[in-house]
Amino acid sequence: MTDTAIVLPRARSELGEILYHLVRDPLGLAGLIIVVAIVGSALLAPWIAPYDPVAMNIPDRLQGPNAAHLLGTDQIGRDTFSRVIWGGRVALKVALPTIAGAIVFGLLLGMIAGYGPKWLDSLIVLLFDTLRSFPTVMFALAVVALVGPSLNTVIFVIMVTSIPTYGRVVRTLTQSIKQSEFITAELSLGATVPRIMGIHILPNVLGPLAVLAAMDIPTVVGLEAGLSFLGMGVKPPTPSWGVLLSDGYALIRNTPWLIIAGGIPLILTTLGFTFLGEALRDVVDPKLRGKGGK
Amino acid sequence: MTSQNITWSRVGLPRRAFLKGATALGLASVAGLSLPRGARAEGGTLKTRTYADIRSMDPAFSQGVVDEEIHAAIYNKLIQYKPGREWGWQLDAAAMVEQADDTHINFALRDDIGFTGGFGAMTAEDVKFSFERIIDDALESTNKPDWGPLDHVEVTGERTGTIVLKNAFQPLWNITLPYIAGNIVSKAAFEQAGGKIDTQPVATSGPYLHAGWEPKQKTTLKRNPDWKGEAPAYDEIQIFHIDDEKAAEIAFEAGEIDFTRVSLDSVERLKSAPIEGATLDEYPSLYYAWVGMNLDNPKLANIKLRQAIQYAIDVPSIMAGAYFGAAEPSTGIIAPGLAGHREASMTGAAADLEKAQALMAESGETNVSLTMDILNKSANVTAAQIIQANLAAIGITLEIKLNEGATFWELGSNEGLELVLNRFSMTPDPYYATSWFIAEQAGIWNWERFRNEEFDQLHIAAQSEADQAKRAEMYVRMQNLMEESGAYKFITHESTPVIYRNTVAPALRPDGLPLYRYFGAA
């Protein structure tokens with residue numbers, strides 16, 4: 001008689017499951033790599049940037065790429081590569097709190113609208129529609145003109161205009177889940193509204209929100225860059241991709257490198273987060289898993 | 001334009017006036033004040049560019065250079081600026097003009113100038129109307145200050161008269177008669193139009209006619225067929241509104257325009273890689289840029305702190321980084337070539353860090369944090385960052401606040417203003433520069449709220465000082481007072497680089513601004 005052992009497949013955690021599916025999707029893997037590179041370089045900026053991003057060296061101004069300055073220098077001799085890396089920090093500093101804030105308020109308002117009485121739903125939807133009726137850039141320009149440009153103003157403006165996007169998604173999902181039989185059963189067992197919302201509805205809306213957030217990050221980063229390009233975002237000398245684009249635009253006939261240096265990270269951010277978001281959507285939605293998501 | 005025919009009667013000048021006129025012309029020739037160069041009627045179209053749209057075709061409400069470039073071509077003045085590298089004037093509508101005494105200027109008009117629209121010959125009544133309407137409080141002309149102490153114009157004949165001043169006014173010859181306030185309009189046409197006009201001229205008299213205006217697009221000038229003076233060079237001049245200098249440079253390279261000012265950061269590139277068939281010329285500018293400090297702000301009350309800032313700012317670095325080496329540091333608000341220009345500033349152009357640090361220590365100020373307002377333009381942002389780094393070297397944290405045009409130009413009334421990087425336009429008389437810094441202007445254009453009794457007295461005295469050497473001394477002293485207050489660090493007068501096709505013979509003021517009526521074909 002021989003011993004036989006039955007080997008059961010190891011159960012993966014939910015995060016492991018997501019990662020497993022992400023790396024099997026070529027676009028998802030590419031997105032993940034790009035996002036990790038951008039986030040990693042931003043977090044490690046003080047250690048990996050070769051120069052102080054605001055240190056001037058006017059005699060070395062407007063240099064092209066060379067061994068000392070991988071992406072050349074700007075009009076006052078600052079190292080462009082270092083400014084690109086530090087610019088990533090500004091992009092994340094804007095994107096993360098903005099998206100997080102929009103998700104928190106969107107969740108709260110969306111769940112109240114979706115679960116609450118009809119009149120409250122109508123009121124909140126009206127609020128969402130009102131906020132959405134302002135074109136983000138115009139709204140941002142108006143606020144900045146009133147209170148002056150700063151990173152916090154940019155975060156506030158983009159967050160406020162993003163809340164309705166998340167709120168509407170949460171509201172729709174909440175209304176759908178509210179009709180489910182298990183919710184009816186819970187209610188009949190005497191479950192409280194906070195319990196239903198916290199234990200049953202919240203986990204079911206987080207997945208789609210994560211996908212939406214991933215897809216929104218490039219938009220927010222682009223908005224920050226746009227406002228900084230117009231001089232309404234970060235204050236000088238803070239490095240920002242938008243500031244690089246602005247300097248590059250002003251000097252485009254002298255050197256193309258500033259505009260290239262400001263443009264590449266924006267393109268990579270858009271591609272990376274879009275790939276990642278689409279792959280995440282495929283993973284989160286079981287109906288799409290393994291079908292390429294299309 | 002309803003009709004472009006001119007009808008007027010020829011009336012000979014009184015003999016005495018003719019002799020004076022001839023004398024003036026003769027003197028002008030001797031002094032090298034040559035006749036207008038646009039004496040060739042080659043024809044064709046000149047395409048050029050302006051950085052802003054027109055605001056008014058009424059000289060009483062002209063907003064400056066942009067309007068005046070057109071006014072100077074379609075209207076006449078007694079005298080016009082002379083194209084060239086040195087400031088001077090030449091006769092225009094006047095056959096003669098002379099300063100009889102400190103307060104009286106006699107003039108005689110040419111007899112061959114008439115207004116379009118059937119409004120007849122230009123007469124001394126038209127001159128009287130044109131000048132006196134600007135000082136009439138009821139009209140509320142924005143250009144009233146340009147006429148200084150004008151009392152009235154006395155008409156002594158159909159084409160002769162006397163400008164009577166309340167007191168002597170030296171800027172008259174430099175900025176009043178040959179510039180905005182000196183344009184002569186038709187009394188009959190303006191009265192018919194209700195006393196003032198907006199963007200559509202009612203009757204003109206210059207070598208070119210205002211043939212069309214497409215808002216934010218272009219203004220078209222056409223040769224005036226009834227112009228009896230020397231024929232202008234072009235059949236048509238199209239002045240395109242191109243705000244952005246880079247866009248203008250691209251338009252020039254694409255052959256869309258024949259003449260434009262170019263940005264300072266393009267000079268180096270255009271010198272190293274010249275555009276075929278084009279010439280780049282650099283002219284000194286009269287503009288003046290400076291860092292101002294609000295004396296009424298308690299944060300800047302300590303003079304040692306202000307002096308430390310003056311010595312910490314390194315102007316040569318700003319010239320290299322923000323102006324690409326195409327401009328020179330300035331010594332004050334009065335540019336080289338004008339009376340009162342200082343050879344050197346008191347604090348020097350280059351930073352003296354040791355002195356700045358010593359002054360900072362003397363001031364007893366620590367953890368100083370200031371804000372500097374700037375207009376959101378590329379060169380300003382770069383200059384501000386250099387200043388930020390300069391001040392950081394003496395322990396001052398400087399926050400840069402970017403402002404759009406409308407917000408920035410309202411800052412003068414902001415009592416909380418701290419530092420400001422500012423830039424004013426200028427005309428070729430020092431009076432124009434100092435007039436913004438008198439006590440009366442505090443909180444209006446005097447953003448530093450600089451108040452100095454001696455300065456104000458000198459400003460008034462210098463207006464009427466006929467001795468040019470003494471007058472220059474006065475303006476030097478006034479700039480010294482400004483600098484001694486610690487409220488000013490002078491940066492630059494910038495420069496005016498222009499590019500034009502070799503088929504064009506541009507006629508420019510010494511500060512590089514175009515005088516289209518004198519443009520010719522090369």
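The values are calculated or read from the model by the stated rules, or taken from the named source; none is laboratory data. Note that this is a predicted model, so its numbers are computed, not measured. Don't worry about glycine lacking a Cβ; one is built from the backbone with ideal geometry, like all the others, and counts go over all protein chains shown. Each accessible area value is taken on the protein alone, full model and side chains, heavy atoms only, with ligands, DNA and RNA left out. Shrake-Rupley method; radii C 1.70, N 1.55, O 1.52, S 1.80 Å.
Observations on the structure shown:
- For chain A, the Kirkwood estimate of hydrodynamic radius, built from reciprocal distances between every pair of different alpha carbons, is 21.5 Å.
- Sulfur and carbon atoms: percent of accessible area, segment B:60-206 [1.4 Å]: 45 percent
- Across B:Lys246, B:Lys222, B:Lys377, A:Lys118, the residue with the most accessible area heads the list, and the full order at a 1.4 Å probe is A:Lys118, B:Lys377, B:Lys222, B:Lys246.
- Note that segment B:72-158 shows a convex hull volume over its alpha carbon atoms of 135 Å³ per residue.
- Residue (of B:Gln90, B:Trp173, B:Trp147) at the positive-pole extreme of segment B:60-206, dipole from beta-carbon charges: B:Gln90
- Seen from A:Met159, the other residues with C-beta closer than 14 Å to its C-beta sum to a net charge of 0, counting Lys and Arg as +1 and Asp and Glu as -1.
- Separation in nanometres of the label points that stand 7 Å from Cα toward Cβ, at B:Ala522 and B:Glu453: 5.8 nm
- Listed pairs B:Lys166/B:Lys196; B:Lys299/B:Lys355; B:Lys216/B:Lys246; B:Lys82/B:Lys166; B:Lys82/B:Lys377 exceeding 24 Å between Cα atoms: B:Lys166/B:Lys196; B:Lys82/B:Lys166; B:Lys82/B:Lys377
- Per residue, the convex hull spanned by the Cα atoms of segment A:98-151 amounts to 85 cubic angstrom.
- For chain A, size of Cβ-based charge dipole, Lys and Arg +1, Asp and Glu -1, in debye: 280 debye
- Orientation-averaged projection of segment B:60-206 equals 8.2 nm² [convex hull of Cα atoms, one quarter of hull surface area].
- Global dimensions of segment A:55-106 from alpha-carbon coordinates: Rg and Dmax equal 16.1, 50 Å.
- The mean sequence separation of alpha-carbon pairs under 8 Å and at least six residues apart, normalised by the residue count of chain B, gives a relative contact order of 20 percent.
- Flagged links, alpha-carbon separation over 26 Å, of B:Lys401/B:Lys489; B:Lys144/B:Lys222; B:Lys77/B:Lys489: B:Lys144/B:Lys222; B:Lys77/B:Lys489
- Every Cα-Cα pair of segment B:288-493 was included, and the share exceeding 23 Å stands at 41 percent.
- Axial C-alpha extent at least 20 Å, average Kyte-Doolittle at least -1.0 - helices from chain B (DSSP): B:15-30, B:378-392
- Longest to shortest principal axis, alpha-carbon extents of segment A:137-294, angstrom: 71, 42, 21
- If you take all other residues with their beta carbon under 14 Å from the beta carbon of B:Asp429, and give Lys and Arg +1 and Asp and Glu -1, the sum is -1.
- Heavy atoms of B:Thr503: accessible area, 1.4 Å probe, square angstrom to 10: 90 Å²
- Top of A:Ala279, A:Ala142, A:Ala225 by mean-square fluctuation, Gaussian network on chain A, Cα under 10 Å: A:Ala142
- Taking A:Leu15, B:Leu402 and ordering them by how much accessible surface each has at a 1.4 Å probe, largest first, produces A:Leu15, B:Leu402.
- The stretch between B:Glu230 and B:Glu365 holds 42.0 nm of extra length on full extension. This uses 0.36 nm per residue minus the Cα-Cα distance.
- Accessible area (Å², 1.4 Å probe, nearest 10) - A:Phe156: 110 Å²
- Peptides A:76-87, A:194-205 ordered by average Cβ neighbours within 10 Å, highest first: A:76-87, A:194-205
- Pairs of Cα atoms nearer than 8 Å and 6+ residues apart set the relative contact order; for chain A it is 25 percent.
- For A:Leu268 and A:Leu15, the difference between the fully extended length at 0.36 nm per residue and the C-alpha to C-alpha distance is 88.6 nm.
- Inter-centroid distance (Cα atoms) of segment B:351-403 relative to segment A:181-248, Å: 38 Å
- Residues losing 10 Å² or more accessible surface upon assembly, segment A:46-88, compared with the chain by itself, 1.4 Å: A:Met56, A:Ile58, A:Arg61, A:Gln75, A:Ile76, A:Arg78
- Prolate/oblate/rounded label for segment A:112-209 (Cα gyration tensor, a/c 1.5): prolate
- Here the mean projected area of the convex hull built on the C-alpha positions of segment B:162-286 is 11.7 nm².
- Alpha-carbon Rg with Dmax, taken over the protein assembly as shown, Å: 33.8, 143
- For segment B:193-352: span of alpha carbons on each principal axis (Å, largest first): 64, 50, 30
- Using 0.36 nm per residue and subtracting the Cα-Cα separation, the extra length available between B:Glu214 and B:Ala461 on full extension is 84.4 nm.
- Interface B:A - total buried accessible surface [probe 1.4 Å, Å², rounded to 100]: 2000 Å²
- Accessible-area value, A:Trp257, 1.4 Å probe, nucleic acids and ligands omitted, Å²: 90 Å²
- At least 20 Å along the helix axis (C-alpha) and Kyte average at least 0.5, DSSP helices within chain A: A:26-43, A:80-115, A:118-133, A:151-178, A:202-229, A:257-284
- Note on segment B:175-259: with charges restricted to the Cβ of Lys and Arg (+1) and Asp and Glu (-1), its dipole about the Cα centre is near 520 debye.
- Accessible solvent surface per residue of chain B, calculated while the other protein chains remain in place, 1.4 angstrom probe, Å²: 38 Å²
- Selection from B:Gly348, B:Ala507, B:Trp213, by position along the positive dipole direction of the protein assembly as shown (Cβ): B:Trp213
- Computed over the alpha-carbon pairs of chain B, the distance histogram in 20 Å steps reads 22, 52, 24, 2 percent, short to long.
- As a ratio to 2.2 N^0.38 Å, the alpha-carbon radius of gyration computed for segment A:159-224 takes the value 1.37.
- Relative contact order %, segment B:60-206, counting alpha carbon pairs below 8 Å whose residues are six or more apart: 31 percent
- Modelled FRET efficiency - R0 25 Å, A:Ile48 with B:Ala393, Cβ distances, 0.05 increments: 0.40
- From its DSSP helices (H runs of at least four residues, each -39,500 (n - 2.57)), the protein assembly as shown gives a residue-normalised ellipticity at 222 nm of -13500 deg cm²/dmol.
- Taking the Cα centre of segment B:60-206 as reference, the dipole from Cβ charges on Lys and Arg (+1) and Asp and Glu (-1) amounts to some 200 debye.
- Estimated FRET transfer efficiency (A:Asn152, A:Ala37; beta-carbon r; R0 22 Å; 0.05): 0.20
- Protein-only accessible surface at a 1.4 angstrom probe places the residues B:Asp92, B:Asp151 in the order B:Asp151, B:Asp92, largest first.
- Site pair B:Lys304 and B:Met346 shows an inter-label distance of 1.8 nm when each label is modelled 7 Å from Cα along Cα→Cβ.
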